[in-house]
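Each reported figure results from applying straightforward, stated rules to the coordinates on display, with no laboratory input. This structure is a prediction, so every number in the text was calculated from the model and none was measured. Positions of Cβ are backbone-derived with ideal geometry, glycine not excepted, and every protein chain shown enters the neighbour counts.
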Amino acid sequence: MGVDEEREFEAFVVADGDRLIRFARLLFLDNGAAEDAVQIALTRTAQRWKAAQSAPYPYVRAAIVNLARDEGRRRHRREPPVDVRDRDVAAVVDHADAIASRAELDDLLALLPARQRATVVLRVLDGLSEAEAAQVLACSTGTVKSNLSRGLQHLRSHMYRDNVTEVTCHD
């Protein structure tokens with residue numbers, strides 16, 4: 001990577017790094033794992049910067065989704081992690097509602113299998129179209145539709161049981 005390309009890459013990381021971490025956090029539900037995934041994805045992107053520089057955010061986002069999918073495949077083979085979340089921000093009283101909402105979202109997303117969670121995050125929370133989500137997930141739009149439908153139905157069943165508001169997808 002040349003000096004100019006290195007500067008472009010650094011500018012991309014500065015501009016979109018926080019957004020990438022927030023995205024990864026929704027897929028991994030763990031700050032440490034999300035940060036690790038972003039770091040791995042950025043390292044891979046830096047190594048292939050010529051291919052990624054025309055559209056780096058989608059490139060890195062796809063890498064993060066692939067890492068989440070790989071993690072989902074491995075998760076069933078080991079003991080589930082202890083539910084320890086970074087709640088340092090809970091001490092800030094002004095953000096209590098946001099933290100409670102975030103915890104509810106984390107708990108709901110944790111109920112979904114990795115592919116459904118990735119589909120819900122991409123379609124509902126990241127606002128991608130079915131075609132864009134299918135491209136990121138390397139599947140058909142029909143698979144995106146069915147994963148989204150099943151994921152939202154699963155979430156609705158738990159939310160209604162707990163009297164939480166409904167999750168919907170707006171095209």
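Below is a table of values for the structure above.
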quantity: Ranked list, fewest to most other Cβ atoms within 10 Å of each Cβ, for Glu132, Glu104; calculated: Glu104, Glu132
quantity: Length released on extending from Gln47 to Tyr160, taking residue separation times 0.36 nm less the Cα-Cα span; calculated: 36.1 nm
quantity: Spacing of the two label points (7 Å from each Cα toward its C-beta) at Glu71 and Met1, in nm; calculated: 2.2 nm
quantity: Approximate spin-label separation Glu8-Lys145, in nm, with each point projected 7 Å along Cα-to-Cβ; calculated: 3.8 nm
